[in-house]
Every structure is written in C-alpha cells, then in structure tokens.
Amino acid sequence: MPEPPPAIVLVGVNHASASLAVREALSLSAGQLEDLYDRLARTEGVVGAVVLGTCNRVEIYATVTTSADTAMTQLESLLSVVTTYPVEPLREVSYGATGLDALRHLYRVAAGLDSQMVGETEILGQVKASYRQAEERKLLNKPLHRVFQKTFQAAKWARTHTGICEGQVSIGNVAVELAQRIFGDLAPSKTLVIGSGEVGRDVAKAFASRGVRAMAIAGRTEDRARALAEETGGRIVPFAEWPQTLPDWDIVICATSAQHVLIGKDAVAAAIRRRPARPLFLIDLAVPRDIEAGSGDLQNVYLYNFADLAAIANENLRHRQAAVEACHHALDERARSLWHTIGPAREAPRPAAAARPLPGSIGSYN
Amino acid sequence: MEPDRLLMVIGALVYTCAAALTLASLARRQPPPHQVVFGLVLIGFGIQSTGLHLRGVSVGGCPIGNTFEVLQFISWSVILVYVFTGAVYRVTILGAVSATLAAVLALTSAAVPAWDATRRTNLFGGNVWVEIHAALAFLSYGIFGLLAATSVLFLLQNYSLKKKLWPSRLRFLPSVVQLEAINLRLLAVGFAVFTTALCIAFIHVFAHPAAVFPTKLLSTVLLWIAYGIVLVLRMRQSLFGRRLAWVNAVLFLFALVTLWSVEASRKDNSPEPPPAAQAAPVRSPGDS
C-alpha cells in the first residue's frame, strides 16, 4: 500500500486572535524569517512550508507527513523558538486548521477577506512574496505549489468579479482623508516619510497624488528611499538627520521595520512646542510601532496607527458586507473544488489541535 | 400678529428650513446643498431685515428695546456676518451653522410673547452715536455667537479625530485648520467691533455719567477684557485649538448672561426716556 500523501496544515496568529502587542512580539524580522525557514527545512515530517508574515499576521502553511496534531505542535514550537515568545501564551492566541479548512482560510486571506481592512489588495502581493521566498528555499513541494497557484487565481477572481473591492479604500486613501480633515487643502502641507517599505510607499504615493508639494523621504536603504523620492517628487533627508527636522513637518508617516520606538512622546512634545498652533499628524504604519502611543494625547497632535486606519477603512466597507458574504461562499466553493481534486481521500483526520478555532473575523467554514 | 413681528417670525422659519435641509442631508450621508441653503438664508435674511426695518420705523430707531428685538437683532447679525464671510471661507457647513444659530435665537425670541409686550420708542433720544454704539455692540454679539458655533464645530471635529471616530455625518465639517483660522478671524473682527462700540459708549459715559448702569458697565468691561485677553493669547500662540474653542463657547454664554443682567437692571432702574437729543440709558451690551 502506497504511503499517503502529505497533509496540509496551518498554524497562525492574526489581528483577530492576538493583540497588537502580541503581534509585535511575534512579527518576524528578516533574520528571524530566515531562521524559521532553516528550522522548517530541518524538521522531520515537514516536506513543504510557506511562511506568511505581514503587519497583522504570522502564518505557517506546511505539508506534513506526520499527524496534523503533531505537526501543529511542532510549528508552534518553532515559531516560539524563533521569536523567543513563550510557547504556552502563543498557543492561547494561535489558531490551526488542516486540509480543506486550511485551504479555505488561505483563499480568504489572499482575497483580503481576512484582512483587518476587508477587501484590501496588498495582501495578495504579500502572499505571492511568501510563495517566492518558499520557492527560493526549495520548500515549495508540488501540493503547496498547486494550492498557492489556485489561491492566486481565486483571489484575482474575487477582486474582479465580486463587489469586495468596489469603493475600495486603501490605507493610503484613508490616511489622506484623515489629513484633509485636519489640514483641509493638503498642497501646502509638509510631509515626511520615514522608511521606504511597501506600505509606506503606498501611503506616500497617495499623499503625492493629492497634491502634497513638500515631501521628503528618510530611509535606511538609500536606493529605495531615492526611488520613492523620485516616484513622489520628494527629496531625500538623511536618516540620521530627520529627528532634528521633526518640528518642520505637518504630516509624518512612519513605516520602518525598526524593532524599537523611533519617535518618543518627549520628542513629539518638543516638536509641537515649536509650532504649537499648527497640528501635527502622525501616521504609524509600522509593526512594531515606530511612534510612542502616548504621543496622541498631546494637544494638536493626531496619532493613527495601522490598526486605526484599517478600522476606519472597514467602517467605510461596512455597506458592502453583502458582497463580502457572497465572496465568502464563492471562495469556499472554489476551495472545495480544488480539494476534491487534490485530497478527498488524503485529508488527515481532524486533529485535536484544530479545536483551537480560526478567529472570529473569518467565521466558521461550515 | 403685527406685520413686523410676523415677518421676523417668518424669517426665523426660513432659517429653520435651511438648517433642517442641512440636517436631512447629513442624515442621508450626503453633502448639504450649499446653494439652496445659501439661497434660503438670503431669503430669510431679507424677510427678517424687512421686519426689523418696519419695527425700527415704528419705534423710531434701531429695534433693540426689548428682549424679542434684541434676540432678533443678534440673530440678524449672525446672518449678516455669514453673508459677508461665508463666500470668503467657502465653507458649506458655515451657512447651516449660522442658519441654525439664527433660527434658535429668533424662534426663542418669539416663543415668549411677554418679551415683546413693551416697546420703547425713541430709545436713543435722537442721539445717533448711542444708536450706532448699540447696533455695533449687538453686532459684536452676533459675531461672538457665530464664533461660539464654529468653536463647537471645532470641538466636534477635534473630538472625533482624537477618539478615532469616523462618523460619516461629520465628514462635511471643515478641517481643524480651517476652523482654527475662521475662529481667529471671527475673534479679531468681533473684538474690533466690540471695542468700537465700547469706545463710542465711553465717550457717551464721560458726557453723561448719570445715565450709566454700574452692573452693566462692569460686566461689559469684564467681557471686553476677557475677549481681549483671549485674542492676545491666541496671537501669542499660547491659547489655541481645543482650549480656545472651549473658552469661546463659555465666553459667549457669559455674554448672554450679561444680556440678562442688562435686562434686569434696565427693568429695575431705567428712567423714562430722556428728551430728544439727550443721552438715554440704552439697553445694549456696550452701554454704560
């Protein structure tokens, strides 16, 4: 009798299952991601794995030859070791799924239905980037390859054929709208972008498209900062010098991958003292956060982080809930269809570990 | 109902329509129809002005001789300020706010018939300076009233931004920076008009000290000092934003209270109107 094919297993933590502080502790730096892939490659029973790490989630999709229950425990332990986050608290906030349930979850994630800002499209690019990383590390076996290819197709279909993206409000547009509530006309506003990562770049481009004339980019990676400056018509501020210029800016967008606070409350207070009657809009898109949370308590300082912007965007999307529901059902059908071709007889028995349910935001799959 | 009073009440109802139209639009999460609101405000302003004019003709001067007339005049002043500043600021919601404030003041004035029971004719004794002083003083009250209203808008916008609320009905509010600029200009213009009214009054005081109500003098000067301090602090950037908005709102309440004190002191102490061309105790904010 031939050996059964590997089962698909998912373990993860996201914005619905864990607080921002926990997600900050579990967010993977480049080095940690590399370490995690190394450990996955060496783990017995794991034949393929894709790690999806974004601002709001860390998920491991793996194909395993061991029992799903054992595999989930192993994956959680690996995540705990790599992030130095204790395994027991991790288990309290993590979720797991196998087989068709894992597949449905992946479809929803890629389509943006499980995002903090429902319907956002950046997540598909992040899933694709994770897929490529796994491929480069030779951890993308045939079943995972097929699952992810079908996932990309389903996500594109959802964006094109359902209403989940109608009136879509990206993080950048939400930030721009907030800035307009503070400043009105944005053209004279001076904007500083710290960090040149993907999210920061999208927001900076949104501001540039609304006519912000005075924009500057401060990034550790000079090439990326220069590219963003060219895209937005901004200028470069050396990374070491931006703290001295803080009082000069009306809008400060932080999106670095720093593991510590870049702008403390004292620095914000000092900046606002030099321009007391002019509001200061701080946008913190980084996880872990770049700006000390208490800064928003200061008069004339408005501080929004990624979760705040996402919440506003979701409020805007509330009226499209019917479309989202329809998309859920359609994606579930597609996932089931795929599962019939790759694993009806192969699905591992539902393990005890899967009793830790998937977070409420994505609801029941049944 | 007499034609002048009827016209003033109709004017108030038209303002109410403009305010209701705005609220209905906001309830449907749609932008207020600026041109329709502005048109209604202009119609109401025309009707109210006609009513005030008829009343002025019948009492022989600026119609501010009883509580009904005073509230109507302040209501008219609010709209006058809006008509001349609304186009400058290009802020849609300001028309609705002005209309609401004017409607509240005007309808309140009409709600108590007793406030219009006594009419004082030849109130200013033919002294044109006293009449100008009184008119300017009430005009400054109108400006401060509008300032209080825009300050409340500032507080609403600031609160929703600070608390990260996203009420779609508030998305038509002017921005924080716009409201701060509007408030500063209204404060400066209101203070300038109030100061002019007081200067005229003090000339009148020095000429006729017996015609002064001490309580009124004290409360008016205190109010003037308070607005002066607020303006200086704002110019020095020591008072701004949320705190300035609260101060503006509270000061206007204090201004309304001083109006009541004037009314009380006038009822208790007002002598018979003096003969023409003589100074008379005038029931107005800046009168002393």
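The values are calculated or read from the model by the stated rules, or taken from the named source; none is laboratory data. Everything numeric here is computed off the predicted structure, so don't read it as measured data. Methodologically, a virtual Cβ is constructed for each residue, glycine included, from the backbone with ideal geometry; neighbour enumeration extends over all protein chains shown.
Details
- Single unsatisfied condition, A:ALA313 versus (1) modelled with pLDDT of 85 or more; (2) closer than 25 Å to A:GLU198 by Cα; (3) assigned to a helix (DSSP H, G or I): (1)
- Test: residue in the stretch B:73-82 that is of a type in the set (A, V, I, L, M), modelled with pLDDT of 80 or more and not assigned by TED's automatic domain parsing to the domain that holds B:LEU6: no
- For the stretch A:297-332, residues that are of a type in the set (Phe, Trp, Tyr) and more than 9 Å from chain B (Cβ to nearest Cβ) total 1.
- Any hit, the stretch B:16-33, residues being touching a helix residue (DSSP H, G or I) at 6+ places or on another chain (Cβ under 6 Å), in the same structural domain as B:ASP116 (by TED's automatic domain parsing) and assigned to a loop (DSSP other than H, G, I, E, B): yes
- Residue match in the stretch A:31-41 (condition: closer than 29 Å to A:ASP284 by Cα, surrounded by fewer than 22 Cβ atoms within 10 Å (Cβ to Cβ) and touching a helix residue (DSSP H, G or I) at 6+ places or on another chain (Cβ under 7 Å)): yes
- Filtered residues of the stretch B:222-245 (kept if surrounded by 15 or more Cβ atoms within 10 Å (Cβ to Cβ) and either modelled with pLDDT under 90 or closer than 19 Å to B:ILE182 by Cβ (or both)): B:TYR227, B:VAL230, B:LEU231, B:LEU233, B:ARG234, B:LEU239, B:PHE240, B:GLY241, B:ARG242, B:LEU244, B:ALA245
- Sole exception among (1) away from chain A (no Cβ under 14 Å); (2) modelled with pLDDT of 90 or more for B:ILE132, by number: (2)
- Counting only residues that are buried (at least 19 other Cβ atoms within 10 Å of the Cβ) and out of contact with any helix residue (DSSP H, G or I) (no Cβ under 6 Å at 6 or more places or on another chain), the stretch B:1-15 holds 1 of them.
- Hey, A:ALA204 more than 14 Å from every other protein chain (Cβ to nearest Cβ), surrounded by fewer than 18 Cβ atoms within 10 Å (Cβ to Cβ) and part of a helix (DSSP H, G or I) or not: no
- Checking each residue in the stretch A:88-139 for being of a type in the set (Gly, Ala, Ser) and either more than 24 Å from A:GLN321 (Cα to Cα) or not in a loop (DSSP other than H, G, I, E, B) (or both) picks out A:SER94, A:GLY96, A:ALA97, A:GLY99, A:ALA102, A:ALA110, A:ALA111, A:GLY125, A:ALA129, A:SER130, A:ALA134.
- Selection status of B:PHE191, within 19 Å of the chain's Cα centre (by Cα), more than 13 Å from chain A (Cβ to nearest Cβ), assigned to a helix (DSSP H, G or I) and at pLDDT 90 or above: yes
- Number of positions in the stretch B:9-60 that are farther than 20 Å from B:LEU107 by Cβ and of a type in the set (D, E, K, R): 2
- Lone unmet requirement of (1) in contact (Cβ under 8 Å) with a residue 40 or more places away in the chain; (2) out of contact with any Leu (no Cβ under 8 Å at 6 or more places or on another chain); (3) not acidic (Asp, Glu) for A:ARG275: (1)
- Candidates B:ILE43, B:ILE79: the one that is surrounded by fewer than 21 Cβ atoms within 10 Å (Cβ to Cβ) and touching a helix residue (DSSP H, G or I) at 6+ places or on another chain (Cβ under 7 Å) is B:ILE43.
- Residue, nearest to the chain's Cα centre (by Cα), within the stretch A:279-296, restricted to residues that are within 14 Å of chain B (Cβ to nearest Cβ) and under 22 Å from A:ALA206 (Cβ atoms): A:ASP284
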